[in-house]
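Taking it in order: structure first as structure tokens, then the write-up.
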């Protein structure tokens, strides 16, 4: 049994090599980050395990990979790159990795929240262009942060925000409790929050959850932060709300289409701070991620012996 790391960058490749143990199944590391789906059958050959960071795996392509039985996806958002149910129907199991970057993503969400509140990105862009911009910001102490979804990342966001004298309210699809956090209905969270931060997995049920109607129901001047998945939001409605000022500022790490196409309308709006789906990218989170991926491979290999 062997595995192929399909699309490792230099940092992930180095961590993988460091964490591999004597006696582990062989893991071939492909350092070409621009691999296309059509290249996967030749790249994988008869490998039973594919480790995938960001490469799409359409079901018709997966069926051409003659040995493929397992996909270890580096993160939780596998649905953005493949259809786990279709693959399961063809005997290919998709494994995801939770919790590896909760603190890293939470810190990014907090950073985007403060950058949005204080207008750092437009001031930076203006000053680099020779314009001295003075933007009146929003003081967040005493304001209300609404968390949509309350998994591991949101727990970390709540911990940090509560320590900064920010009121935290939250909605989750199943009952949760956390000291200092008030759990409300989704409508109540949207209506009360000065900042709304998204922390949901993308599923058929959550796709488009922040709809045009729900955006309209948020406070005028709300700050929106999304470090979860772009497809959770009606992007067209969000853009209209940014243009009208209903959304004061958006701090976005994820988008409907990634990588974001050149000239995308979001790059033209002053009241948007953009991050290239990098919330989880810290050395600590990467080590957690690769360690968990290799543990998946070890379990698969042990079960196959």
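Throughout, read-outs are computed from the coordinates displayed, never taken from laboratory work. It should be emphasised that the depicted structure is a prediction, and the values quoted were computed from it without experimental measurement. Note: ideal-geometry Cβ built from the backbone for every residue, glycine included; neighbour counts use all protein chains shown.
Odds and ends about this structure:
- Based on the Kirkwood approach, the hydrodynamic radius assigned to region 102-274 is 16.1 Å, with every pair of different Cα atoms included.
- Remark on region 206-245: Rg and Dmax equal 9.5, 25 Å (Cα only).
- For the chain, the spherically averaged projection of the C-alpha convex hull amounts to 17.2 nm².
- Two-site FRET efficiency, residue 80 against residue 302, from Cβ-Cβ distance with R₀ of 25 Å, rounded to 0.05: 0.25
- Of the peptides 23-32, 198-207, the order by per-residue mean of other Cβ atoms within 10 Å, starting with the highest, comes out as 198-207, 23-32.
- Folded to 0 to 90 degrees: helix 10-19 orientation relative to the chain principal axis, Cα: 60 degrees
- Here the extension length gained between residue 36 and residue 282 equals 86.0 nm, from 0.36 nm per residue of separation less the Cα-Cα distance.
- Likely footprinting exposure, 81, 100, fewest C-beta neighbours within 10 Å first: 81, 100
- Contact order normalised by residue count of the chain, Cα under 8 Å, 6+ apart, percent: 17 percent
- Report summary: the helix-based calculation at 222 nm, which adds -39500 (n - 2.57) for every DSSP H run with n ≥ 4 and divides by the residues of the chain, gives -10000 deg cm²/dmol.
- The label point for residue 18 and the one for residue 274, both projected 7 Å from the Cα toward the Cβ, are 3.1 nm apart.
- Folded to 0 to 90 degrees: helix 235-244 orientation relative to the chain principal axis, Cα: 20 degrees
- Within a Gaussian network of the chain (alpha carbon springs, distance under 10 Å), most fluctuating of 39, 156, 17: 39
- Arranged from fewest to most other beta-carbon atoms within 10 Å of their beta carbon, 107, 86, 136 become 136, 86, 107.
- Label point distance in nm, residue 120-residue 164, each placed 7 Å from Cα along Cα→Cβ: 0.9 nm
- Calculated FRET value between residue 90 and residue 56, using beta carbons and R₀ = 22 Å, to 0.05: 0.85
- Region 102-274: relative contact order as a whole-number percent, Cα under 8 Å and 6+ apart: 22 percent
- The ranking of 211, 185 from fewest to most other beta carbons within 10 Å of each one's beta carbon is 185, 211.
- Modelled spin-label separation between residue 205 and residue 186, with each label point placed 7 Å from Cα along the Cα-to-Cβ direction: 1.0 nm.
- Relative contact order for region 143-240: 29 percent, from Cα pairs under 8 Å spaced at least 6 residues apart, divided by residue count.
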